[in-house]
Amino acid sequence: VLECPFGIVVAHRININMRTFLTACFAVAQLQASDLEWADSHGAGADVCLFQLRGKSQRMEMESTSTLKLSRVHHRAGTEHKTAYFGRISVGTPAQEFVVVFDTGSGNLIIPSTECDSEACMSHHRYKANASSTAAMIDAQGAEISLTDERPGVTITFGTGEITGRYARDQVCIASICSSAPFIEATFESDSPFASFAFDGVLGLALEKMAQAPEFSLMTRIQQNLPQPIFSVFLADEDDESEVTFGGVKAELFHEPLIYAPVTGRVGYWEVQLEGVAVDNKLVQGLCDDCRAAVDTGTSELAGPSKVISHIESKVQVRADCSNYDSLPQLGFQVNGHVMNLDKSEYVTKNEGYCRTAFMSLDIPPPSGPLFILGDPFLRKFYTVYDNGDEKRVGFAVAKSERVTVEQAKTLLVSVN
């Protein structure tokens, strides 16, 4: 028999650790129950407990959020330097560690295989299927196949690079959350650009439709173990530590309000309606009216249709010699009746007297495009929440940092109503 610190409940222990028990205590305290009993009605080892509250049964899931710290790295892609945020996951039994980019713009987990001998694979950690007791071979739909079956392959193109791989399933753990999950083990990776990356692979967190098959959507698989079917992303500004949280949001990482916009896309992006682009809080007529924007942690710049990018650059007029840097305007993106502003330091890179914008022309053909991509420059300024529930939506709030005061935050997320 265990008693919560609040003195309001006596619980009959099922088969849980003290951390889970205390989590339950805090949850119960919020219910303000005067007489609440924890009944062992689901059997030993269950992660679900039944609470008797004022004579009525209430089912409470013993789940908690899980946060993974991310590291920031600069890497070279062609002639340009890019920024990526990555974290550690484990795959297999016993666990094999991999460093992956958490990418809301792709849908699959991809890691190198020991069967890959290209330079890009050899310079990274490689997955050893024969060293894992929980490994299985599967087909393109996630169904297990036998050793005698022909193992299907897949080729995926990433910008200027290409990956060829095969389907596998194994135990995948992100922080404290584990699930038996399908993924792609790469048997070939082109040297450009993958050999130069500081990370081993990619963990796709796009919507289920972007995955190889519904079974391959890792978020869909793990959300049954979460208190809410959401994850939230905080990308560091300067020296703060970035993180992704599964199952909830962290109010201490953003300034209120937290606004939401429904997902409007059909192909799997975390895509919202972009009502327009603003310069100093004034919408520019004819500039991206009724556009769509994907929120993408895997893109290091602000990308969009070439005509729109050219129009934006003509409006902000960044001079290459930085002579007008101090007078550059705020650049805003209007979503659901709110303008989210970037200061010049977010959309302009200033280096040794040379200035360049963080814009990239990207003409995505229908049905996926045309599309504007809100990448890292935007995400370092705004905390984002990805709700994978029945009504899919994306949340936005000004991210907290030492450089943003409460008053300044009010100028970065502005209601137009």
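The values are calculated or read from the model by the stated rules, or taken from the named source; none is laboratory data. These numbers come from a predicted model, not from an experiment. Every residue, glycine as well, gets a Cβ built from its backbone with ideal geometry; the counts of neighbours run over all protein chains shown. All accessible areas refer to the heavy atoms of the entire protein, side chains included, with ligands and DNA or RNA removed. Shrake-Rupley method; radii C 1.70, N 1.55, O 1.52, S 1.80 Å.
Under 5 Å between amide hydrogens, which residues at least 5 positions from residue 274 or on another chain qualify, with H placed 1.01 Å from N in the peptide plane?
The answer is 291, 292, 293.
Please report how far the C-alpha centroid of the stretch 253-275 lies from that of the stretch 123-154, rounded to the nearest whole angstrom.
35 Å
In whole Hz and in residue order, list the ³J(HN,Hα) couplings for the stretch 190-207 that follow from phi through the Karplus curve 6.51 cos²θ - 1.76 cosθ + 1.60, θ = phi - 60°; x for Gly and Pro.
Karplus values, whole Hz, x for Gly and Pro: 5, 4, 9, x, 5, 5, 8, 6, 7, 10, 7, x, 10, 10, x, 10, 5, 5.
From the phi angles alone, apply the Karplus equation (6.51, -1.76, 1.60; θ = phi - 60°) to the stretch 374-383 and give each ³J(HN,Hα) in whole Hz, x where the residue is Gly or Pro.
Couplings: 8, x, 4, x, 6, 6, 6, 9, 10, 6 Hz.
Pop the C-beta distance of residue 140 and residue 417 into the FRET formula with R0 = 45 Å and round what comes out to the nearest 0.05. Don't skip to the answer; put the middle values down first.
Numbers: r = 47 Å, r/R0 = 1.04.
Calculated value: 0.45.
In µm²/s, what is D for the stretch 231-349 at 37 °C and 0.692 mPa s, where D = kT/(6 pi eta Rh) by Stokes-Einstein and Rh is the Kirkwood radius from Cα pairs?
Numbers: Rh = 16.1 Å.
Answer, rounded: 204 µm²/s.
What residues qualify as long-range amide H neighbours of residue 158, i.e. H under 5 Å apart, gap of 5 or more or another chain, H built at 1.01 Å from N?
163
Where in the stretch 222-262 is the amide nitrogen less than 11 Å from a point lying 7 Å along the Cα-to-Cβ axis of residue 69?
Answer for this model: 241-243.
Which loop-located trypsin sites (Lys or Arg not before Pro) does the stretch 366-417 contain, where loop means any DSSP state but H, G, I, E or B and the Cβ has at most 13 other Cβ atoms within 10 Å?
Numbers: sites: 380, 381, 392, 393, 400, 403, 410; in loops: 380, 381, 392, 400, 403.
When the trypsin sites (Lys or Arg not before Pro) of the stretch 366-417 are filtered for loop state and at most 13 Cβ neighbours within 10 Å, 403 remain.
Please find the FRET efficiency linking residue 408 to residue 162, where r is the Cβ-Cβ separation and R0 is fixed at 51 Å, and quote it to the nearest 0.05. Walk me through the intermediate numbers first.
Values: r = 44 Å, r/R0 = 0.86.
For R0 = 51 Å, the calculated efficiency reads 0.70.
Given contacts defined as C-alpha pairs under 8 Å and at least six residues apart, what's the relative contact order of the stretch 134-229, whole-number percent? Provide the component values of the computation, followed by the final result.
On the way: 144 pairs, mean separation 23.2, N = 96.
After rounding, I find 24 percent.
Report the trypsin sites (Lys or Arg not before Pro) located in the stretch 260-328 that are in a DSSP loop and have at most 14 other Cβ atoms inside 10 Å of their Cβ, or state none. Walk me through the numbers on the way to the answer.
Working: sites: 266, 282, 292, 307, 315, 319; in loops: 266, 319.
Sites meeting the loop and neighbour criteria: 266, 319.
Taking the alpha-carbon set of the stretch 244-308, what are its Rg and Dmax in Å?
For the stretch 244-308, the Cα-based Rg and Dmax read 14.3, 39 Å.
Sequence-distant or interchain residues sharing an amide H contact under 5 Å with residue 388, placed H: which?
Correct list: 230, 231.
Which value in nm describes the separation of the simple spin-label points at residue 354 and residue 178, placed 7 Å from the Cα toward the beta carbon?
Distance between label points: 5.0 nm.
Could you work out Rg/(2.2 N^0.38 Å) for the stretch 65-215, with Rg from alpha carbons only? Present the calculation step by step, with values, prior to reporting the outcome.
Details: Rg = 14.7 Å, N = 151, 2.2 N^0.38 = 14.8 Å.
Working it through for the stretch 65-215, the quotient is 1.00.
Using the beta-carbon distance between residue 128 and residue 250 and R0 = 45 Å, what value does 1/(1 + (r/R0)^6) give for FRET efficiency, to the nearest 0.05?
Values: r = 35 Å, r/R0 = 0.78.
With R0 = 45 Å, the Cβ-Cβ based efficiency is 0.80.
Any idea what Rg and Dmax come out to for the stretch 272-417 if you just take the C-alpha atoms, in Å?
Values for the stretch 272-417 (Cα only, Rg and Dmax): 14.9, 50 Å.
If DNA, RNA and ligands are ignored and the probe is 1.4 Å, what is the ranking of 219, 137 by accessible area, most exposed first? Walk me through the intermediate numbers first.
Values: 219 5, 137 50 Å².
In descending accessible area the options line up as 137, 219.
Per the Kirkwood definition applied to all pairs of different Cα atoms, how many angstroms is the hydrodynamic radius of the stretch 134-253?
On the way: mean 1/r = 0.0613 Å⁻¹.
This gives a value of 16.3 Å.
What distance in nm separates the two pseudo spin-label positions at residue 196 and residue 155, each 7 Å out from Cα along the beta-carbon direction?
In this crude label model, residue 196 to residue 155 measures out at 2.3 nm.
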